[in-house]
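See structure below.
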Amino acid sequence: MSHVRFLLGQLSFTGLCLLCMILSARAAQFLWADSDPTATESTISVFDLRRPDFPAERVAEFLNQSVAGRDYPDFLTIPTNLNFSCHDVEQPGFYANRDTGCQVYHRCDPNGRQYDYLCGNQTVFDQLLLTCDFFYKVDCNASKTYFNYVNMHLYKSGEPAPT
């Protein structure tokens, strides 16, 4: 353990970030190693399906030209009367709401209860990573295509996956 502390103390912030990215990418390759081998969803990494990252210069330019409400949703609260029900999905999990430009997402628990969440400013729900990410990195229109992609790995027989 002292060797780990020493190494971490010697790494610069950039080096540590690079190390975390490498380890995360490597872990993602094995994320569903114990899944059903016939399931096509488990044979492709989520990182292969995501939009490619922009260079930093393009991100700054893109953000300067983007307008809230036009280029990305800008809800301050979760809208009422959303067209989503946990009874309409195949399994428990997390689901982007395309009617809100994916700024709202829902959690359906194994008992069919629904919980609604709102992503922060300039972020929307990424159905592949099950987290909020910058709007320019997420293809909200493709979200429904991936509803079962990650969710099928969260619950087995209605029980939460082990942590």
Per residue of the stretch 67-78, in order, report the coupling 6.51 cos²θ - 1.76 cosθ + 1.60 (Karplus, θ = phi - 60°) as ³J(HN,Hα) in whole Hz, putting x for Gly and Pro. 10, 4, x, 9, 8, 7, x, 9, 5, 9, 9, 6
Percent of Cα-Cα pairs more than 18 Å apart in the stretch 77-136, please. 28
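I'd like to compare 127-133, 96-102: which one has the highest average count of other Cβ atoms within 10 Å, and what's the full order after that?
Top to bottom by mean Cβ count within 10 Å: 96-102, 127-133.
Every number in this text was worked out from the coordinates using simple rules, so none of it is lab data. Since the model is a prediction, treat every value here as computed from it, not as a measurement. No Cβ is skipped: glycine too gets one built from the backbone with ideal geometry, and neighbour counts run over all protein chains shown.
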